[in-house]
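As structure tokens, the structure follows; a few thoughts come after it.
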Amino acid sequence: MKHKNQQQAKVTQQLKYLLKNIADFDEKELEKICSCFKFKSIKKNTVLLSEGEVCTEFYYIQKGCLRTYFLTRLGNEKTRFVTFDCSIGTALTSFISQKPSFEFIDVLEDTDLFAINYTDFYNLNKELIHWKDFYQRILEMAYSFQNRSFENLVTLTAKQRFEQVMNTNPILIQRLSNKVLASYLDITQETLSRIKSK
């Protein structure tokens, strides 16, 4: 029990550190925010959200990996976003609108995370001025990420996209399967294998 409490305190500090890096929260605000997050330990290959379901949770990943992806009309997976240790994420469009998602969220590794539900998330938005700043910042980050992804897709070759990931975010290459990495780069597994072999 003592070890569990120590682990919980460590994770809470990590979450507080991430929050303070995004917005100027004071300690009282951080305590209130952290009390809204509930711990979950989830096994690899679990589907947290399926297409057509409403996303009701926002996640802080303490350790592990979540993937957000969708299916094309031909049934091919397209990985939009991958979330690793000590970071945040969700199917943001569905979470904000509370309408059915066109995306899936699955668990690529055994994962420990903390989840805040939609009601608590938006209650904090009403109660804490700095939570509004936090919310605006994550929306800006999501918008910038999507723009960069689109720009890379239309301006870079498959090899250039791979090299960019290798230089700026090598954890994707280290921890993702070829199938998932190829769907993230929007190339075939065969193309990825050829690029890796050169």
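Counting just the residues of segment 155-178 that are touching a residue at least 24 places away in the same chain (Cβ under 8 Å) and not in a loop (DSSP other than H, G, I, E, B), which one comes out farthest from Thr68 (Cα to Cα)?
Per the criteria, the residue is Lys159.
For a quick check of your reading of the model, give me the residue pairs whose first member lies in segment 60-73 and is within 12 Å of Phe84 (Cβ to Cβ) and modelled with pLDDT of 95 or more, whose second is surrounded by fewer than 21 Cβ atoms within 10 Å (Cβ to Cβ) and basic (Lys, Arg), with beta-carbon atoms closer than 9 Å and at least 6 apart or on different chains.
Close Cβ pairs satisfying both conditions: Gly64/Lys44; Cys65/Lys44; Cys65/Arg175; Arg67/Arg80.
Take the residues of segment 108-154 that are of a type in the set (Phe, Trp, Tyr) and in contact (Cβ under 8 Å) with a residue 40 or more places away in the chain: which is nearest to Ile187 (Cα to Cα)? Working first, answer last.
Within segment 108-154, the subset of a type in the set (Phe, Trp, Tyr) is 114, 118, 121-122, 131, 134-135, 143, 145, 150.
Checking the rest, the ones that are also in contact (Cβ under 8 Å) with a residue 40 or more places away in the chain come to 114, 118, 121, 131, 134, 145.
Numbers: Phe114: 32, Tyr118: 34, Phe121: 36, Trp131: 38, Phe134: 34, Phe145: 19 Å.
So, considering only residues that are of a type in the set (Phe, Trp, Tyr) and in contact (Cβ under 8 Å) with a residue 40 or more places away in the chain, the one nearest to Ile187 (Cα to Cα) is Phe145.
In segment 97-108, which residues are surrounded by 15 or more Cβ atoms within 10 Å (Cβ to Cβ) and either of a type in the set (A, V, I, L, M) or out of contact with any Phe, Trp or Tyr (no Cβ under 9 Å at 6 or more places or on another chain) (or both)?
In the first step, residues of segment 97-108 are kept if they are surrounded by 15 or more Cβ atoms within 10 Å (Cβ to Cβ); the result is 101, 103-108.
Answer for segment 97-108, where residues must be surrounded by 15 or more Cβ atoms within 10 Å (Cβ to Cβ) and either of a type in the set (A, V, I, L, M) or out of contact with any Phe, Trp or Tyr (no Cβ under 9 Å at 6 or more places or on another chain) (or both): Ile105, Val107, Leu108.
List every residue pair whose Cβ atoms lie under 6 Å apart, where the two residues are 6 or more positions apart in sequence or sit on different chains, the first residue falls within segment 34-50 and is within 10 Å of Ala115 (Cα to Cα), and the second residue, located anywhere, is acidic (Asp, Glu) and buried (at least 16 other Cβ atoms within 10 Å of the Cβ).
If the second residue must be acidic (Asp, Glu) and buried (at least 16 other Cβ atoms within 10 Å of the Cβ), the pairs left are Cys36/Asp120.
Among the candidates Leu153, Leu181, which residue alone is over 30 Å from Lys28 (Cα atoms) and modelled with pLDDT of 95 or more? Outline the logic, then answer.
Details: Leu153 fails: modelled with pLDDT of 95 or more.
So the residue among Leu153, Leu181 that is over 30 Å from Lys28 (Cα atoms) and modelled with pLDDT of 95 or more is Leu181.
Within segment 69-109, how many residues turn out to be more than 15 Å from the chain's Cα centre (by Cα) and of a type in the set (Asp, Glu)?
Qualifying residue count for the region: 1.
Go through the residues of segment 84-102 one by one and say whether even a single one is in a strand (DSSP E or B) and farther than 22 Å from Lys40 by Cβ. Steps first, answer last, please.
As a first pass, look at segment 84-102 and keep what is in a strand (DSSP E or B): 87-89, 100.
Next, only the ones that are farther than 22 Å from Lys40 by Cβ stay: 100.
Checked segment 84-102: at least one residue is in a strand (DSSP E or B) and farther than 22 Å from Lys40 by Cβ.
The values are calculated or read from the model by the stated rules, or taken from the named source; none is laboratory data. Bear in mind that the values here come from a model prediction, so they are computed numbers and not experimental data. With ideal geometry, Cβ positions are generated from the backbone for all residues, glycine too; neighbour counts draw on all protein chains shown.
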